[in-house]
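I have placed the structure first, in the form of structure tokens, so that the comments after it can refer back to it.
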2 protein chains.
Amino acid sequence: MQMIESVHNPKVKEWVKLQQKKYRQQNQQFIVEGEHLVEEALKAGVVQAVVTTRTSFSTDAPVYVVNEAVLAKLAMTPTHQDIMAICDMVAVAPTQLKRVLLLDAIQDPGNLGTLIRSALAFAVDAVVLGKGTVDVYNEKVLRSTQGAIFHLPVIQADLQMYIPELQAQGIEVIGTSLHHAVDLQSLEGPECWALLLGNEGQGVQQSLLDLTDENIFIEMSSAAESLNVAVAGSIALYQLSVK
Amino acid sequence: MQMIESVHNPKVKEWVKLQQKKYRQQNQQFIVEGEHLVEEALKAGVVQAVVTTRTSFSTDAPVYVVNEAVLAKLAMTPTHQDIMAICDMVAVAPTQLKRVLLLDAIQDPGNLGTLIRSALAFAVDAVVLGKGTVDVYNEKVLRSTQGAIFHLPVIQADLQMYIPELQAQGIEVIGTSLHHAVDLQSLEGPECWALLLGNEGQGVQQSLLDLTDENIFIEMSSAAESLNVAVAGSIALYQLSVK
């Protein structure tokens, strides 16, 4: 346990940089706030440092006891809690990817977090976020993942480039669309697949649908217009996992 | 089109009462705010009155043009929009129920709204809210239903009493639980069923699980602890709809 009482401490200065996307990518680290997420991160073994005002927090990871000023400096929200953790991002497994979730411009933090949670449940190897997707280190996204973020690699990429790379590795890319699509029930589940989901309002953009190997839709009652994207994506991930 | 310029107008007094649960149940009406929900309600044909500060809103339903004071009086939120509608609740179909969604103490407005949206998509006849479930006429719930609330009956009931009544009508009640449960995949889909989902943290309470005919769980990867309840419920509704 170490004490830090100044916002000018070199460690604090280093951690504060993680509020910026550029430094998160560079260091492959991010900050989580609140007891529940810190506990999940500790269980997953990805914690580099616990930062807290509590003097009695005990764990195997390094603990830094700080004052309120330091904690406020590190926090992303004005109403922050009394404990945070500096966490390593999960690296992409060196083995070839077999199951991938591709997200094109998902806007709602709850939807993104829920999709990452479902991806872990249905044994997806990595989640790839295309341009225009909400920041995954947003507090509400992290909360909605319920700890899944500490177990699953989440990558940022240009899907226009990334999809052909996956296909070159023998991965079948399955889009979601209401047009030129087959019913999810009749999909023959390929062994290696990438499921592509789109924006809440617009769906998957056409330039990406032009690249997919096939597209699916989910059969619904005629009174319904659509499903929530996290729900639709999770149903498709479940179906692909049991095929 | 009629003009109302006083908050003491008898119609306004009547509408304001709909802010209270008691009067919503008594009149079987509720208020929705914002252009998107008003449009959905109009499409569904459940609007008794449109209330707006716009002088040029045109529709077949009765339109009341009001001043800002009247609109503020009717609004549930300080940052209300310029249009609202007084809507009829969807009555329970007189035909016998065949597919029912039972919700025990769902807390999150987004989860409740998303489940109602999925229930409509997978041809559920009615959604029944047990004690401790978040108010369905909460603005965030209404928004998350994406208009499904205007097409599907949503009932409040004591599930401890309601479940035996369903069973007496030949409906099989299927709980969700990690214990004493079968894999969703191996469930033989009965023709008439009621799916019972529980609270986000606690699951279905034991006294209700004691009443179910059988229980299901969703197979997941070992790293995952659980699924979001709206996701788990929607996967089960989808599976039941395709069996």
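The values are calculated or read from the model by the stated rules, or taken from the named source; none is laboratory data. Source: prediction; values computed, not measured. Here the Cβ positions follow ideal geometry from the backbone for every residue, glycine too, while neighbour counts run over all protein chains shown.
Name, by its number, the condition in (1) within 14 Å of chain A (Cβ to nearest Cβ); (2) out of contact with any Cys (no Cβ under 8 Å at 6 or more places or on another chain); (3) under 24 Å from A:Ser222 (Cα atoms) that does not hold for B:Val136.
Result: B:Val136 passes all but (1).
Only one residue in A:Asp135, A:Asp183 is over 21 Å from A:Thr114 (Cα atoms) and assigned by TED's automatic domain parsing to the domain that holds A:Ala105. Which one?
From the options A:Asp135, A:Asp183, the qualifying one is A:Asp183.
Can you name the residue in the range A:40-55 that is surrounded by fewer than 16 Cβ atoms within 10 Å (Cβ to Cβ) and outside any loop (DSSP other than H, G, I, E, B) and, of all such residues, is modelled with the highest pLDDT?
A:Gln48
Looking for whichever is more than 14 Å from every other protein chain (Cβ to nearest Cβ) and charged (D, E, K, R) here; the options are B:Asp158, B:Asp125. Which one fits?
B:Asp158
Would you kindly identify the strands (runs of 3 or more DSSP E) lying entirely within the range B:131-224 that contain at least 2 residues that are of a type in the set (A, V, I, L, M)?
Hits in the range B:131-224: B:154-156, B:172-176, B:193-197.
Does B:Val65 satisfy being outside any loop (DSSP other than H, G, I, E, B) and in the same structural domain as B:Val173 (by TED's automatic domain parsing)?
The answer is no for B:Val65.
Considering (1) free of Cβ contacts under 8 Å to residues at least 60 places away in the same chain; (2) assigned to a helix (DSSP H, G or I); (3) of a type in the set (Ser, Thr, Tyr), say which one B:Ser58 fails and leave the rest.
(2)
Output the residue which, of all residues in the range B:184-200 that are within 21 Å of the chain's Cα centre (by Cα) and more than 11 Å from every other protein chain (Cβ to nearest Cβ), is farthest from B:Asp158 (Cα to Cα).
B:Cys192
Output the residues belonging to the range B:1-30 that are in contact with a helix residue (DSSP H, G or I) (Cβ under 8 Å, 6 or more places away or on another chain) and touching a residue at least 60 places away in the same chain (Cβ under 8 Å).
Result: B:Ile4, B:Glu5, B:Ser6, B:Val7, B:Asn9, B:Val12, B:Trp15, B:Leu18, B:Arg24, B:Gln29, B:Phe30.
Whether any residue in the range A:142-158 is within 23 Å of A:Leu97 (Cα to Cα) and more than 21 Å from the chain's Cα centre (by Cα) is what I want to check.
no
Considering only residues of the range B:201-218 that are surrounded by 15 or more Cβ atoms within 10 Å (Cβ to Cβ) and within 14 Å of chain A (Cβ to nearest Cβ), which is nearest to A:Ala126 (Cα to Cα)?
Result: B:Ile218.
Of the numbered conditions (1) part of a loop (DSSP other than H, G, I, E, B); (2) touching a helix residue (DSSP H, G or I) at 6+ places or on another chain (Cβ under 8 Å); (3) closer than 21 Å to B:Tyr23 by Cα, B:Val124 fails exactly one; give the number of that condition.
Of (1) part of a loop (DSSP other than H, G, I, E, B); (2) touching a helix residue (DSSP H, G or I) at 6+ places or on another chain (Cβ under 8 Å); (3) closer than 21 Å to B:Tyr23 by Cα, only one is false for B:Val124: (3).
Among the residues of the range A:156-184, write down those that are free of Cβ contacts under 8 Å to residues at least 40 places away in the same chain and of a type outside the set (Asp, Glu).
Within the range A:156-184, A:Ala157, A:Met161, A:Ala168, A:Gly170, A:Leu178, A:His179, A:His180, A:Ala181, A:Val182 meet the criteria.
In the range A:84-99, is there at least one residue being at pLDDT 95 or above, assigned to a helix (DSSP H, G or I) and buried (at least 24 other Cβ atoms within 10 Å of the Cβ)?
The answer is no, given that none of the residues of the range A:84-99 is at pLDDT 95 or above, assigned to a helix (DSSP H, G or I) and buried (at least 24 other Cβ atoms within 10 Å of the Cβ).
Give the residues of the range B:132-148 that are in contact with a strand residue (DSSP E or B) (Cβ under 8 Å, 6 or more places away or on another chain) and either without any contact (Cβ under 8 Å) to a residue 24 or more places away in the chain or not aromatic (Phe, Trp, Tyr) (or both), sorted by residue number. If you could, list the steps in order and put the result at the bottom.
Keep residues of the range B:132-148 that are in contact with a strand residue (DSSP E or B) (Cβ under 8 Å, 6 or more places away or on another chain), which gives B:132-133, B:136-137, B:139, B:142.
Passing the criteria: B:Gly132, B:Thr133, B:Val136, B:Glu139, B:Leu142.
In the range A:219-237, which residues are within 8 Å of chain B (Cβ to nearest Cβ) and hydrophobic (A, V, I, L, M, F, W, C)? Steps first, answer last, please.
Kept after step one, since they are within 8 Å of chain B (Cβ to nearest Cβ), are these residues of the range A:219-237: A:219-221, A:223-228, A:230-231, A:234-235.
Listed by number, the residues that qualify are A:Met220, A:Ala223, A:Ala224, A:Leu227, A:Ala230, A:Val231, A:Ile235.
Does B:Ala224 satisfy the condition of being touching a Lys or Arg at 6+ places or on another chain (Cβ under 8 Å) and either within 21 Å of A:Ala148 (Cα to Cα) or at pLDDT 95 or above (or both)?
Criteria met by B:Ala224.
Kindly evaluate A:Ala72 against the criterion of being of a type outside the set (Lys, Arg), farther than 27 Å from B:Leu112 by Cα, out of contact with any strand residue (DSSP E or B) (no Cβ under 6 Å at 6 or more places or on another chain) and assigned to a helix (DSSP H, G or I). Please lay out each step first, then the result.
Details: of a type outside the set (Lys, Arg): yes; farther than 27 Å from B:Leu112 by Cα: yes; out of contact with any strand residue (DSSP E or B) (no Cβ under 6 Å at 6 or more places or on another chain): yes; assigned to a helix (DSSP H, G or I): yes.
When the stated conditions are applied, A:Ala72 passes them.
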